[in-house]
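Engineer: A single structure is presented below for examination.
The values are calculated or read from the model by the stated rules, or taken from the named source; none is laboratory data. Please read all numbers here as calculations on a predicted model, not as lab measurements. Glycine also receives a Cβ, built like all others from the backbone with ideal geometry; neighbour counts cover every protein chain displayed. All accessible areas refer to the heavy atoms of the entire protein, side chains included, with ligands and DNA or RNA removed. Shrake-Rupley method; radii C 1.70, N 1.55, O 1.52, S 1.80 Å.
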Amino acid sequence: MSSTTVITNIACLVTNDPSLGDSSPLGLIRDAAVVVEGERVVWTGESRKAPATDNRVDAGSRAVIPGFVDSHSHLVFAGDRTEEFNARMSGRGYTAGGIRTTVAATRAASDADLERNVTRYLREALRQGTTTFETKSGYGLTVEDEARALRIASRHTDEVTYLGAHIVAPEHADDPAAYVGLVTGPMLDACAPHARWIDVFCEKGAFDGDQARAILTAGRAKGLVPRIHANQLSYGPGVQLAVELDAASADHCTHLTDADVDALANGRTVATLLPGAEFSTRARWPDARRLLDAGVTVALSTDCNPGSSFTSSVPFCVALAVRDMEMTPDEALWSATAGGAAALRREDVGRLSPGARADLVFLDAPSHVHLAYRPGVPLVSQVWRRGTPVA
């Protein structure tokens, strides 16, 4: 039998269970305690009611929140795009074409180099409270390079996404149909055993609606669950396609029609917002308020990648969402935890109620609101994953 540990003297505990605490979506409990047994939460409540346990940890009147669930990242890559960013900040706009620069660097990198990069960015994210993450291929665009990216990613997470359809590979620029055939044929065959998800960048300069449907349908036939980069740079068919195919998430969702919002509100597909991309490209912010008011489930993630959002910090994205996307601090935190879990169709993470995985983040603050109130300040003081302190 596993030993039990009570974490007590928590100023404010976010459970994300509305049946607990103040009955809000965050299920806030003041002067709280959590009991952990093995890898799981087994009890939450007021400190004065905490049961006897084998071990005791004093949270020092800090807030405790669920570990962040980053449901959209691109961590298997080599090189950086400093010059592109510098030029963009000097007036050049962002297009999908910059991805080719990273493709060239990634193809030239060794497996060991790619592994080191993934490990580095995961440690960086963990220090900032991310305990569950998804990551994609998409910077190889050959059968072998995509498969090796997924093999590397799968050593670090179960949430691995095949994104051979990031852009049309440079060598197929004059024959996109042939590349779609590769993505849905030999490349899919090589990659499917290493992935849970399939994704496509449905956008001008990448893949149109018909191509995206063919790619996602082929992946689904191989047992992969669809997700989609949708409506980031322009209005398009991505969101409608996501809902039609019951994709787990439609990611970016910047340019939406009323019909797009209605479709999301009436389907299971989560709208994943990625404010780091808008920050790094000076693009239009997604209208989170419009989505939330319509009843859409919203996730908030980093989109960590070397081109359009080179941040691994979910707290930074929370602050951006509150400041520039009209989310409340409560909504932003929920979206970065429970919302991310919904985008990964997970029920064991993103919450701190009995039965959940014991992924906890201690904040050097009395409330989660400080994540937006004190932007840029390293408030994460301790991270637990699966019931064990890890950072």
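Engineer: Could you count how many residues in region 338-377 are of a type outside the set (D, E, K, R), over 25 Å from Leu224 (Cβ atoms) and either open to solvent by less than 20 Å² (accessible area, probe 1.4 Å) or touching a residue at least 40 places away in the same chain (Cβ under 8 Å) (or both)?
Structural biologist: So the count comes out to 21.
Engineer: I need the full set of residues from region 282-307 which are free of Cβ contacts under 8 Å to residues at least 60 places away in the same chain, surrounded by fewer than 24 Cβ atoms within 10 Å (Cβ to Cβ) and in a loop (DSSP other than H, G, I, E, B), in order please.
Structural biologist: Arg284, Trp285, Asp287, Ala294, Gly295, Val296, Thr297 - these are the residues of region 282-307 that are free of Cβ contacts under 8 Å to residues at least 60 places away in the same chain, surrounded by fewer than 24 Cβ atoms within 10 Å (Cβ to Cβ) and in a loop (DSSP other than H, G, I, E, B).
Engineer: Quick check: is even one residue across region 269-281 touching a residue at least 12 places away in the same chain (Cβ under 8 Å), surrounded by fewer than 20 Cβ atoms within 10 Å (Cβ to Cβ) and not in a helix (DSSP H, G or I)?
Structural biologist: No.
Engineer: Residues of region 150-163 being within 14 Å of Trp197 (Cα to Cα) and either part of a loop (DSSP other than H, G, I, E, B) or in contact (Cβ under 8 Å) with a residue 40 or more places away in the chain (or both), which ones?
Structural biologist: Passing the criteria: Leu150, Arg151, Ala153, Ser154, Thr157, Asp158, Glu159, Thr161, Tyr162, Leu163.
Engineer: Moving on to the next point. Need pairs with beta-carbon distance below 9 Å; first residue under 30 Å from Pro389 (Cβ atoms) and within region 122-148, second modelled with pLDDT under 95 and among the polar types (S, T, N, Q); sequence gap 6+ or separate chains.
Structural biologist: No pair meets every condition.
Engineer: Criterion first (closer than 21 Å to Ala125 by Cα, of a type in the set (Lys, Arg), in contact (Cβ under 8 Å) with a residue 60 or more places away in the chain and open to solvent by 30 Å² or more (accessible area, probe 1.4 Å)) does Arg40 satisfy it?
Structural biologist: no
Engineer: Can Gly98 be described as open to solvent by less than 30 Å² (accessible area, probe 1.4 Å), part of a loop (DSSP other than H, G, I, E, B) and not basic (Lys, Arg)? Working first, answer last.
Structural biologist: Values: open to solvent by less than 30 Å² (accessible area, probe 1.4 Å): yes; part of a loop (DSSP other than H, G, I, E, B): no; not basic (Lys, Arg): yes.
Judged against the criteria, Gly98 is not a match.
Engineer: Taking Val239, is it free of Cβ contacts under 8 Å to residues at least 40 places away in the same chain, within 18 Å of the chain's Cα centre (by Cα) and over 14 Å from Val296 (Cβ atoms)?
Structural biologist: Judged against the criteria, Val239 is not a match.
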